[in-house]
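Engineer: Questions regarding the structure given below will be posed in turn.
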Amino acid sequence: MNRSSMRSKSRMIWHSNAIDRTAAAISGKMAHGASIYPPTSHPMENNPFAGSGTEIPVVRLPPTDGPFRHRAARFRQWADSRSSLAGYLNLMADLADVQHGLWEMAAATLPRDRSGQPGNPGWRATLRSIVDRLNPGEAGLASLLDRIRRATDEELAAWGGRVLAGDFDRIEAGIAPLVTAALQVHMTSFASRLAREEIGPAQSGTACPVCGSLPVASLLQTGGAVHGLRYLVCGLCGCEWHRPRVQCIDCGSGKDVAYFAIEGLGEAVKAEGCGDCMTYVKIMDRDKDAAIDPFADDIASLALDILMAEEGYRRLGVNPLLLPGG
Ligand SMILES: [Zn+2]
Ligand SMILES: [Zn+2]
C-alpha cells in the first residue's frame, strides 16, 4: 500500500480521556510492586488463551503445543481479505505451518541455557528444514532460500546472534524473517517449558523478561482474571508480560496518550501513541476479535504503521517476520 492511498483513508483518533478508566486503574495497580513471581501457580501459566482463574500472572508463557498452527490460520484469513498483501501473508502462513511441523523436533534438541541458542546446532537444523520445506515459488524467494542453503555454520550462527541481539541492520536483506522463524520455534518451545522460578526479573518495561527481545505488539486479554489487562508480546519467544494500559510503555507517561485507527481495518487493532516521547505500540483487543494473532494482525495492519510514521511517531518494538534486513 503506498502513501498516497493511505492519505485517502479516513483516520480516527481517540484521546486517553475517552478510555475506560476503570480498566486502567485495575491495570495500574499491577504495575506497583508487581512481582515476577506470583505467590502460587496459576492455571493459565502454560495456556495464554485460557480465561479462567483468579490470580493475575505478570508473565504468561506460550502454550506447550506452540502458537504456530493458529498463526498460520490467521495469516490465511488475512490473506483472503487483504489483497494487496496477500502474497506475503500467504508466504507467512506457509512459514507458520512449517514452524508447527518442526515444533516437536525442535523440542528434542533444546539446550537448557538460553544463551546457548546462537551456537546450538539445533536451530540451524531447523532453519535448514524450513528452507527445504518452503515452496520457493517466485524467483526472489528461491534465490533467498538458496543463499541460506549455501551458508556456513559460522554464517548461520552470526545471523542468529544478530537476530537475538535485535541487530537486524547487519543481516542480508530478506534473511532475517527466516532466521527469526527458526529461532522462534526454539525460543518459544524453550519458553513454554520454563518453570516460574527460572524467569528472572524484567530488565526494562520494553524487553522480554525471558529472552530480552522487543515486543511485536500488545494484547488486551479477555476472560477471567486477565480480562481487560494489557500484555506485551515478545517478538521472538512469544512470552507475554503485563504493562498498564493508558501509560506509555517507553517513558511511562500517561499525560498525552492517544489512540489511532484506520477505518476499514476493523475495531480490534489500534496504535497507542505517546505525545511526550512520540513512540507508539499497537494494541490488539481480544475482546473485539478472539482470533487475533499479534504477528499476523500486525502485518495485516501495516497501513496503521504508515499512518503513525506520517503523524511523526516512532514504533516501539519490531515484527521480525517483516524486517527486510540490511
Ligand atoms: Zn522473549
Ligand atoms: Zn512516552
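Read the figures in this text as sums done on the coordinates, not as results from a lab. Predicted model, so just to flag it, every value in this text is computed and none were measured. Note: ideal-geometry Cβ built from the backbone for every residue, glycine included; neighbour counts use all protein chains shown.
Engineer: If one computes P(r) from the Cα atoms of region 247-326, what percent of pairs lie at distances over 17 Å?
Structural biologist: On the way: 1449 of 3160 pairs.
Cα-Cα pairs in region 247-326 separated by more than 17 Å: 46 percent.
Engineer: Under a plain spin-label model, where a point goes 7 Å from the Cα along Cα-to-Cβ, how far apart in nm are ARG193 and ALA139?
Structural biologist: 4.4
Engineer: Right, next: Please find the FRET efficiency linking ARG150 to SER84, where r is the Cβ-Cβ separation and R0 is fixed at 22 Å, and quote it to the nearest 0.05. Show your work: numbers first, answer last.
Structural biologist: Numbers: r = 33 Å, r/R0 = 1.48.
My answer for the efficiency is 0.10.
Engineer: Another question, then. Could you sort the peptides 131-140, 182-191 by per-residue average Cβ neighbour count (10 Å cutoff), highest mean leading?
Structural biologist: Values: 131-140: 12.5, 182-191: 26.6.
Per-residue mean Cβ counts within 10 Å order the peptides as 182-191, 131-140.
Engineer: Please compute the modelled spin-label separation between MET278 and GLU104, points set 7 Å along Cα→Cβ, answer in nm with one decimal.
Structural biologist: 5.2
Engineer: Quick one: 3J(HN,Hα) in Hz for region 261-273, Karplus 6.51/-1.76/1.60 with θ = phi - 60°, rounded, Gly and Pro as x.
Structural biologist: So the J values, rounded to whole Hz, are 8, 10, 4, x, 8, x, 8, 7, 10, 10, 10, 9, x.
Engineer: Using the basic label-point model (7 angstrom from Cα toward the beta carbon), what is the ALA290 to ASP132 distance in nanometres?
Structural biologist: Taking the two extended label points, one gets 3.9 nm.
Engineer: Show me the ranking of peptides 274-282, 83-91 by mean Cβ neighbours inside 10 Å, starting with the highest.
Structural biologist: Listed from highest to lowest mean packing, they are 274-282, 83-91.
Engineer: Compute the length gained on full extension between ARG170 and GLU55: take 0.36 nm times their separation in residues and subtract their Cα-Cα distance, giving the result in nm to one decimal.
Structural biologist: Details: separation 115, 0.36 × 115 = 41.40 nm, distance 4.24 nm.
Extra length available between ARG170 and GLU55 comes to 37.2 nm.
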